[in-house]
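Here's a structure for you.
The values are calculated or read from the model by the stated rules, or taken from the named source; none is laboratory data. None of the values given here were measured: they were computed from a predicted structure. Reconstructed Cβ throughout: ideal geometry from the backbone, glycine too, with neighbour counts over all protein chains shown.
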């Protein structure tokens, strides 16, 4: 492997630890002179976050429980988050490459560069920030525009053997189902990403305000010159999962991260600067959207041109129909139904739709149900089935005491009330023995079926396909 150039290393060392932590999805809360975060060490379990990053220097240190030894700047933060330690002899090169991949820094080499590149390193994830820098809302492109860009992007993305094996063994997908669903691997290297993005631009696709695509400043570039900005993607993890609306448009992409704490996240690219232009179209000023960003000290941390993904429900039909669902065709025109199953997540939705042979709505987390009821009314649905994970209904051990999964249960109740208060829609729950599986997909793949419970009459009947 050729040696990484000093200019690339210098660019990595200019990355502020806070920006890296934010990009990795870690909890962060700003204060006067420092930023409070959870300890990046995955082996250090804290009751409350007790690690601090100095705003002026980017130096962080863990103080929780006397400290676990995690300290340093961005390189060390990445290493602690990824490997649970920092050894410069072992981790330096992989940490530099990993940060370049996350922050969109081009990797230059001294000497021949035709050797096989290293693959992207997957960082550890922590819960999303309770308090983050406030970004100005940049609206994404309409569904039709996003759909065209995402479909071509997915066509160009690879399918790695390890991911295909996971889909076909753990999820039990067939090749036809993988194709219909549109699963693709996240490009593992900077070189792969560069080729894909350049191909899309050459073919005339606009990436402006497509969530997940973003522009970064070239090395030694002038931020006031449009030619010194290049397009890339803000992605990490294992693979993409398409999210469709009820007209068959791929409106967003989810990413499987490969991490335990946050298994899925959105392909998103909220900009932190916004160019302001004169009547001739020339950049006159860069409006800073992220108050923590210092564009003079950290110009390569700037991002422009992208958009936030936000949350979207996923509308799924059996793969036989999904394979022929043309963008723009209303779901009610191609699939007749009067009942809908609602569950969590993309995999659960797709597996359930295939086995049950009916439409399924996947919500991205139990609290994100605001768009469901308007869709149900639009489709003229007569019956709604809520099939959330088994731990939404059963007690769990926590600190030696029995306690419900309070947040999930609260959102489940609120969502159920909205449906019950709607005229003409019957609500039922599907429940099952947690020993048969946590999620609806586990139960169905195990060859079992749930029990249907009517909350008004308390009647319980076996589900039949």
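Picking from 35, 97, 105, 53, which residue would you name as being closer than 27 Å to residue 270 by Cα, in contact with a strand residue (DSSP E or B) (Cβ under 9 Å, 6 or more places away or on another chain) and in a helix (DSSP H, G or I)?
Checking each option against the conditions leaves just 97.
Sticking with this one: Could you check how many residues of the range 416-465 are in contact (Cβ under 8 Å) with a residue 12 or more places away in the chain and touching a strand residue (DSSP E or B) at 6+ places or on another chain (Cβ under 7 Å)?
21
For the range 290-305, enumerate the residues that are under 15 Å from residue 226 (Cα atoms) and part of a loop (DSSP other than H, G, I, E, B).
302, 303, 305 - these are the residues of the range 290-305 that are under 15 Å from residue 226 (Cα atoms) and part of a loop (DSSP other than H, G, I, E, B).
Another question, then. Among the residues of the range 307-324, count how many are within 29 Å of residue 231 (Cβ to Cβ) and out of contact with any strand residue (DSSP E or B) (no Cβ under 6 Å at 6 or more places or on another chain).
Result for the range 307-324: 4.
(1) in contact with a strand residue (DSSP E or B) (Cβ under 8 Å, 6 or more places away or on another chain); (2) assigned to a loop (DSSP other than H, G, I, E, B); (3) at pLDDT 95 or above: which one isn't true of residue 221, the others all being true?
Result: residue 221 passes all but (3).
Of 164, 149, which residue is surrounded by 20 or more Cβ atoms within 10 Å (Cβ to Cβ), in contact with a helix residue (DSSP H, G or I) (Cβ under 8 Å, 6 or more places away or on another chain) and at pLDDT 95 or above?
149
Of the residues 201, 253, 217, 207, which is within 21 Å of the chain's Cα centre (by Cα), closer than 30 Å to residue 284 by Cα and either surrounded by fewer than 18 Cβ atoms within 10 Å (Cβ to Cβ) or in contact (Cβ under 8 Å) with a residue 60 or more places away in the chain (or both)?
207
Another question, if that's okay. Would you check which residues across the range 348-367 are surrounded by fewer than 22 Cβ atoms within 10 Å (Cβ to Cβ), assigned to a helix (DSSP H, G or I) and in contact with a strand residue (DSSP E or B) (Cβ under 8 Å, 6 or more places away or on another chain) and list them?
In the first step, residues of the range 348-367 are kept if they are surrounded by fewer than 22 Cβ atoms within 10 Å (Cβ to Cβ); the result is 355-358, 365-367.
Next, from what is left, pick out any that are assigned to a helix (DSSP H, G or I): 355-356.
The one that is surrounded by fewer than 22 Cβ atoms within 10 Å (Cβ to Cβ), assigned to a helix (DSSP H, G or I) and in contact with a strand residue (DSSP E or B) (Cβ under 8 Å, 6 or more places away or on another chain): 356.
Filter the range 368-403 down to the residues that are surrounded by 15 or more Cβ atoms within 10 Å (Cβ to Cβ), assigned to a loop (DSSP other than H, G, I, E, B) and modelled with pLDDT of 90 or more and list them by number.
Those that are surrounded by 15 or more Cβ atoms within 10 Å (Cβ to Cβ), assigned to a loop (DSSP other than H, G, I, E, B) and modelled with pLDDT of 90 or more: 381, 387.
Part of a strand (DSSP E or B), modelled with pLDDT of 95 or more and over 24 Å from residue 175 (Cβ atoms): is that true of residue 341 in this structure?
Answer is yes for this residue.
Same structure, new question: Of the conditions (1) in contact with a strand residue (DSSP E or B) (Cβ under 9 Å, 6 or more places away or on another chain); (2) over 30 Å from residue 340 (Cβ atoms), residue 199 clears all except one; give me its number.
(1)
May I pose another question? Hey, among the residues in the range 19-32 that are part of a loop (DSSP other than H, G, I, E, B) and touching a strand residue (DSSP E or B) at 6+ places or on another chain (Cβ under 9 Å), which one's nearest to residue 100 (Cα to Cα)? Walk me through how you get there before you give the answer.
First, the residues of the range 19-32 that are part of a loop (DSSP other than H, G, I, E, B): 24-27, 31-32.
When the remaining residues are screened for being touching a strand residue (DSSP E or B) at 6+ places or on another chain (Cβ under 9 Å), the result is 25-27, 31.
On the way: 25: 16, 26: 18, 27: 21, 31: 28 Å.
Selected residue: 25.
So is residue 308 assigned to a loop (DSSP other than H, G, I, E, B) and within 18 Å of residue 147 (Cα to Cα) or not? Walk me through it before giving the result.
Numbers: assigned to a loop (DSSP other than H, G, I, E, B): yes; within 18 Å of residue 147 (Cα to Cα): yes.
The answer is yes for residue 308.
Taking the condition under 29 Å from residue 230 (Cβ atoms), without any contact (Cβ under 8 Å) to a residue 60 or more places away in the chain and buried (at least 18 other Cβ atoms within 10 Å of the Cβ), does residue 78 pass?
yes
Return the pair list, or none, for Cβ contacts closer than 7 Å from residues in the range 42-53 that are at pLDDT below 80 to residues that are not in a loop (DSSP other than H, G, I, E, B), at least 6 apart or on different chains.
46/64
Starting from residues that are at pLDDT below 85 and buried (at least 16 other Cβ atoms within 10 Å of the Cβ), keep the ones in the range 263-297 and report whichever is farthest from residue 217 (Cα to Cα).
292
Given the options 179, 174, name the one that is touching a helix residue (DSSP H, G or I) at 6+ places or on another chain (Cβ under 9 Å) and closer than 25 Å to residue 312 by Cα.
After ruling out the rest, the residue left standing is 179.
Condition first: part of a helix (DSSP H, G or I) and surrounded by fewer than 16 Cβ atoms within 10 Å (Cβ to Cβ). Now tell me which residues in the range 422-444 satisfy that.
434, 435, 436 - these are the residues of the range 422-444 that are part of a helix (DSSP H, G or I) and surrounded by fewer than 16 Cβ atoms within 10 Å (Cβ to Cβ).
Moving on to the next point. So which residues in the range 83-130 are within 20 Å of the chain's Cα centre (by Cα), more than 21 Å from residue 233 (Cα to Cα) and at pLDDT 80 or above?
none
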